[in-house]
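A quick write-up on the structure given underneath.
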Amino acid sequence: MDVRDAPWQRRLAEHAETRRAAGLWRSRPTLAVDEPLIDFAGNDYLGLARDPRLAEAQAEGARRFGAGARASHLVSGHLTVHETLEQRLAELTGRPRALLFSTGYMANLGTLQALCDRHCRVFQDRLNHASLLDGTQLAGSPSRRFHHRDLDDLDALLARVPGEAPRLVVSDGVFSMDGDTADIGGLATTCRRHRAWLMVDDAHGLGVLGEHGDGCVGRAHGMEEVPVLVGTLGKALGSAGAFVAGSEALIEHLIQFARPYVYTTAQPPGVAAATLAALDILESEPERRTRLQERIDRFRREARRLGLPLGASTTPIQPVVLGDSERVMRWAARLGDQGLRVGAIRAPTVPHGEARLRITLSAAHGDDALDALLEALATCAREEMA
Ligand SMILES: *Cc1c(COP(=O)(O)O)cnc(C)c1O
């Protein structure tokens, strides 16, 4: 059979053409170690991803336990380093237990699939991460999206749920493309009123927000407020993986029923060891969070002076919403010419007409890096927003 004539080939070509015609074709930059661009696109908020102590811990973990875990957690892949990490994550977030997943995407799929079925009702903030939306699909639960951060809308939707159907409200802690923060206390109150559980995915808050870097939920909002807490380890913690923290019963339920937990090889032990090193640094070097906050404050102050359309974010995620996707690509290219990499985010990641530069700040950025960014943005603004 000639593959070029196959219906599959035609199908692929059609999808490609639609996406290209919309100006939304994406490609992956391949980065070398000596990549000259200053990175304002990553999620390495504390500058830990390239910290030699994490690399050393990862190497040592691999030497001790092996490069791979060899099996899934329930078979023979659950090693002492995983167990220790779970205990540390439970302590950090002030929960009795935590369960390690290989990625945040899998943590969200697994949690929603294990908790919910077609008898449940799931309510999601409109701007929630794709993995949360996909998790609801996997669970097969009827779901509704409420307006972004709109507690009244959520309240009205919850009021319409018939009878005793279990309700789960799901929200990002820090919204990944906007950088604004969910009102955790408000969500918890609304949930209590309707006897709903609250699940918060604090992927971008963990390590950055909270008195101890424990995120926007953490110890400030206990289990009675947020029974299901998800955190990821590949962002501020500079490593990889994710976890769910909560009650003994919740964690045991996930171990029994979360298919994306059960049917996958455990995380490489070196990665867990690197995360443990990151947690040590989070504790011993709180000045990283202070430095990050200084960068954020300075960026916002000066970008506002330039008249850039900033969002309401006070987190390291600073969107500059330019609207038009071609304009976003143009600005990103010009910044690239100046040696600066920023995220160029278009539909379908964000709604049509809300394309944006996604600029992320890190404690690792020096003053000169921030100077260069602000200067390049000033040039773009002068030429295009006059
Ligand atoms: C990045 C992200 C995830 C996915 O985490 P990974 O570990 O990268 O798979 C989940 N939720 C949110 C809100 C995220 O920003």
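The values are calculated or read from the model by the stated rules, or taken from the named source; none is laboratory data. Since the model is a prediction, treat every value here as computed from it, not as a measurement. Counting neighbours? That spans all protein chains shown, and the Cβs are built from the backbone with ideal geometry, glycine included. Just the protein is used for accessible areas: all its heavy atoms, side chains included, with ligands, DNA and RNA removed. Shrake-Rupley method; radii C 1.70, N 1.55, O 1.52, S 1.80 Å.
Candidates in the stretch 64-100 are the residues that are in a loop (DSSP other than H, G, I, E, B) and open to solvent by 40 Å² or more (accessible area, probe 1.4 Å); of these, the one that is nearest to Cys216 (Cα to Cα) is Gly94.
So, of the residues in the stretch 219-240 that are open to solvent by less than 10 Å² (accessible area, probe 1.4 Å) and touching a strand residue (DSSP E or B) at 6+ places or on another chain (Cβ under 8 Å), which turns out to be farthest from Asp125 (Cα to Cα)? The extreme case among them is Leu233. The residue that is nearest to the ligand (Cβ to nearest atom), counting only those in the stretch 208-264 that are of a type outside the set (Gly, Ala, Ser), part of a strand (DSSP E or B) and within 17 Å of Val174 (Cβ to Cβ), is Thr232.
Residue-by-condition table, conditions (1) among the polar types (S, T, N, Q); (2) in contact (Cβ under 8 Å) with a residue 12 or more places away in the chain; (3) surrounded by fewer than 15 Cβ atoms within 10 Å (Cβ to Cβ):
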residue	(1), (2), (3)
Tyr263	no, yes, yes
Gly270	no, yes, no
Ala274	no, yes, no
Ala278	no, yes, no
Thr290	yes, no, yes
Arg298	no, yes, no
Glu302	no, yes, no
Ser313	yes, yes, no
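Given the structure, is Leu132 under 15 Å from Val200 (Cα atoms) and surrounded by 17 or more Cβ atoms within 10 Å (Cβ to Cβ)? In short, yes. Of the residues examined, Gly61 is one that is small (Gly, Ala, Ser), in a helix (DSSP H, G or I) and in contact (Cβ under 8 Å) with a residue 12 or more places away in the chain. Selection over the stretch 346-356 of residues that are touching a residue at least 60 places away in the same chain (Cβ under 8 Å), over 21 Å from Ala369 (Cβ atoms) and not in a loop (DSSP other than H, G, I, E, B) gives a count of 0. Kindly evaluate Val161 against the criterion of being in contact (Cβ under 8 Å) with a residue 40 or more places away in the chain, open to solvent by less than 10 Å² (accessible area, probe 1.4 Å) and either more than 16 Å from the ligand (Cβ to nearest atom) or in the same structural domain as Pro260 (by TED's automatic domain parsing) (or both). Considered against the rule, which asks whether it is in contact (Cβ under 8 Å) with a residue 40 or more places away in the chain, open to solvent by less than 10 Å² (accessible area, probe 1.4 Å) and either more than 16 Å from the ligand (Cβ to nearest atom) or in the same structural domain as Pro260 (by TED's automatic domain parsing) (or both), Val161 comes out as no.
Quick one: is Thr18 part of a loop (DSSP other than H, G, I, E, B) and among the polar types (S, T, N, Q)? Answer is no for this residue.
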